[in-house]
Every structure is written in C-alpha cells, then in structure tokens.
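**Q** Take a look at the following structure, please.
The values are calculated or read from the model by the stated rules, or taken from the named source; none is laboratory data. These figures come from a predicted structure and were not determined experimentally. Here the Cβ positions follow ideal geometry from the backbone for every residue, glycine too, while neighbour counts run over all protein chains shown.
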Amino acid sequence: MNPKPAVLFLCVHNAGRSQMAAGWLRHLADGAVEVMSGGSNPGASANPAAVDAMAEVGIDISTRQPRRWTDDDLGSADIIVTMGCGDTCPILPGKHYEDWELPDPAGQPLEFVREVRDSIEARVRDLIARLGVPTQA
C-alpha cells in the first residue's frame with residue numbers, strides 16, 4: 001500500500017452511500033487517506049436527505065457532484081469499497097475489495113438515511129483502524 005492509502009467508494013448513483021462514506025473518511029482521516037468516490041450510473045445531484053443527514057454531524061457534502069468512476073480512480077485505489085452496485089462495479093486483479101451491504105437511501109425519509117449514515121460511520125471507523133490511520137474525531 002502507498003504511504004498515503006487511497007480508497008475508492010463505488011455505488012450506482014454516487015449520490016448517497018458513496019458520498020456519505022467519502023465524507024466520513026475525509027472528515028475522520030483528516031488528509032491521511034486519499035478519498036475518491038464514483039458511480040456506475042451517476043445521479044444528477046447528491047441525495048438531499050444524505051446531505052442533510054451528514055450536515056447534522058457537521059460534515060458538508062453539499063458541494064460534491066456525483067460522477068462516474070474512471071480507470072484512473074480504479075488504478076490508483078488501494079482499497080475499493082462497493083455498495084450495492086452488483087455486477088456494474090468493476091473488478092480488477094490485485095486490488096483489495098470490500099462490499100458493504102447497505103440499504104439504498106434514495107427516496108427514503110431522513111430518519112432512514114440517518115441509520116444508513118450511522119452504519120457507514122461505523123464501517124469507515126473500522127476501515128481507518130485497519131489502515132492504521134489516526135482519526136480526527
């Protein structure tokens with residue numbers, strides 16, 4: 001792994017789960033990890049409920065625009081975390097993959113999205129611990 005590990009979060013629309021995961025990792029790792037996210041079929045904008053749920057914990061993902069993952073993202077990632085994209089997520093030999101089974105927050109009420117957010121936080125904290133990166137908060 002590189003001195004500064006690179007993590008790529010992938011989901012279908014890159015509007016909810018992967019944006020929240022990237023937000024948590026950026027916040028908690030405070031620059032010690034390169035963070036990327038992308039989708040196989042990116043949405044037009046971030047999920048408003050995901051933006052609101054993250055804002056409640058002091059993390060601003062409102063300016064993050066959903067985007068398609070790129071070959072450069074895949075090539076530079078040490079760890080690729082997939083979240084519900086199934087067969088549309090790319091598989092490259094030699095990469096460390098994790099599949100986080102999380103419900104899709106699209107179209108769900110804020111109460112539901114909070115649960116997804118909190119589950120993602122726990123998984124991101126575990127990932128950070130396994131990477132040996134100190135946390136900010």
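**Q** Among the candidates Val51, Val124, Val57, which residue alone is free of Cβ contacts under 8 Å to residues at least 40 places away in the same chain and among the β-branched types (Val, Ile, Thr)?
**A** Result: Val51 is the single residue among Val51, Val124, Val57 that is free of Cβ contacts under 8 Å to residues at least 40 places away in the same chain and among the β-branched types (Val, Ile, Thr).
**Q** Could you identify the single residue in Ser37, Ser18 that is small (Gly, Ala, Ser), in a helix (DSSP H, G or I) and within 8 Å of the chain's Cα centre (by Cα)?
**A** That would be Ser18, the only listed residue that is small (Gly, Ala, Ser), in a helix (DSSP H, G or I) and within 8 Å of the chain's Cα centre (by Cα).
**Q** Test of understanding: among Ala49, Ala55, which residue is farther than 19 Å from Pro5 by Cα, at pLDDT 95 or above and buried (at least 18 other Cβ atoms within 10 Å of the Cβ)?
**A** From the options Ala49, Ala55, the qualifying one is Ala49.
**Q** Identify, by number, the condition in (1) buried (at least 16 other Cβ atoms within 10 Å of the Cβ); (2) touching a strand residue (DSSP E or B) at 6+ places or on another chain (Cβ under 6 Å) that Ala32 doesn't meet.
**A** Unmet condition: (2).
**Q** Look at the range 99-117 and say how many of its residues are within 17 Å of Gly84 (Cα to Cα), surrounded by 14 or more Cβ atoms within 10 Å (Cβ to Cβ) and out of contact with any Lys or Arg (no Cβ under 8 Å at 6 or more places or on another chain).
**A** Number of matching residues: 8.
**Q** Would you confirm whether or not the range 4-14 contains a residue that is assigned to a loop (DSSP other than H, G, I, E, B) and of a type in the set (D, E, K, R)?
**A** Taking every residue of the range 4-14 in turn, at least one turns out to be assigned to a loop (DSSP other than H, G, I, E, B) and of a type in the set (D, E, K, R).
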